[in-house]
1. Quick one: of Lys3/Lys105; Lys288/Lys308; Lys188/Lys288, which pairs are farther than 21 Å apart, Cα to Cα?
2. Could you check the simple spin-label distance between Met159 and Asp89, using points 7 Å along Cα→Cβ, in nm with one decimal?
3. Which helices count as membrane-span-like in the chain under these terms: full DSSP H, at least 30 Å along the axis by C-alpha, Kyte-Doolittle mean of -0.5 or more?
4. Tell me, what is the percent relative contact order of the chain, built from C-alpha pairs under 8 Å that lie six or more residues apart?
5. Starting from 0 in steps of 10 Å, tell me what percent of the Cα-Cα pairs of the chain lands in each bin.
6. If you build a Gaussian network model of the chain, linking Cα atoms that sit under 10 Å apart, which residue out of Lys91, Lys308, Lys293 swings the most?
7. Given the chain, what percent of its DSSP beta bridges are antiparallel, to the nearest 5?
8. Can you figure out the FRET efficiency of Arg314 with Glu230, using R₀ = 45 Å and their beta-carbon distance, to the nearest 0.05?
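The values are calculated or read from the model by the stated rules, or taken from the named source; none is laboratory data. This structure is a prediction, so every number in the text was calculated from the model and none was measured. Cβ placement follows ideal geometry from the backbone for every residue including glycine, while neighbour counts extend to all protein chains displayed. The area values use the complete protein model at the heavy-atom level, side chains included, leaving out ligands, DNA and RNA. Shrake-Rupley method; radii C 1.70, N 1.55, O 1.52, S 1.80 Å.
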Amino acid sequence: MEKIGVLGAGAWGTALAAAAAAAGRDTVLWAREAEVVDAITKTHENTPFLPGVTLDPKLKATGELSDLADRDAILLVSPAQHLRTMVRDLKTYVPDGVPLVICSKGIEVATGKLLSQAVAEEAPGNPVAVLSGPTFAIEVARGLPCALTLATEDKTIGMKLVEALGRPTFRPYYNADIVGAQIGGAVKNVLAIATGISAGLGVGENARAAVITRGLAEIIRFGKLYGAREETLMGLSGLGDLILTCSSTQSRNMSLGKAIGEGQTLEEIMAGRRSVAEGAHTVEIVYKIAAEKKLDMPITTAVYRILKEGKDVRQVMDDLMARPFTSENN
């Protein structure tokens, strides 16, 4: 796997392309925006989405999906709700057998399906993998150390991907649990919004720790519904990602929650952003599924009521804290 394609040139896609290039791979980065292709080609910097990071001059940017036709593996970094459509378009050029590695985090709102299910439906002849873990794009792009989960059912393909992308400061760990690797990454975005709200309300660090810990219980509860392994949810793509995303406003989801806690509306926040906070979409489908399956997910429910029903933030938080006392292991 010497030739790597990256579909999507936001901050995370650009960081992954930089990591692949740093690992010595011939890397092509596809961008929808002509300004991004132009900036990377001329200045070796993705000024619209990842300013301040100098990219390897060998990294090629393109606006043509056909330029990904000869890749040995393709990293999918399109926003979760657009991933299915992008894979459908990509399959015009990419042959069967090429691994498609999902690097986006979320659940399809329209169908309730995991992203791996959506990709498999659009590209049934291509192996599907998931790359997920506690990573901020800017740190990966700058070559700072990180560890991630690389999940796929075929261990041979998984280890080839690990070897192709891995280096001392970018450490993928193979895992066969492709379902668990997605659940942690999707639901933690909702919980990051909750921790951001608590930060915006100024209720303290104790509250943040409580949201993280009780939020992990919700991740495990939801993951079991899909057959995820608890050890995966307690690993890099679950607990690891949850801790990072709930600990810094570098997280788009936590920063969104903080702004809401400080009194801004969702519409006001999103109007000023180019990047997507996936938790704002994911909360809708996670809440719906939890309600249908009668799963107790009070933090997710609180975020849903604030974001989707327009409920008063302080009232929702007061209601959450007034819930009846119960056993921690329930």
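1. Flagged as over cut-off: Lys3/Lys105.
2. 3.7 nm
3. Span-like helices in the chain: 178-201, 205-226.
4. Rounded, it is 14 percent for the chain.
5. 6, 28, 35, 22, 8, 1
6. Comparing Lys91, Lys308, Lys293 in the GNM, the peak value goes to Lys293.
7. Antiparallel: roughly 15 percent of the beta bridges in the chain.
8. Numbers: r = 34 Å, r/R0 = 0.76.
Calculated value: 0.85.
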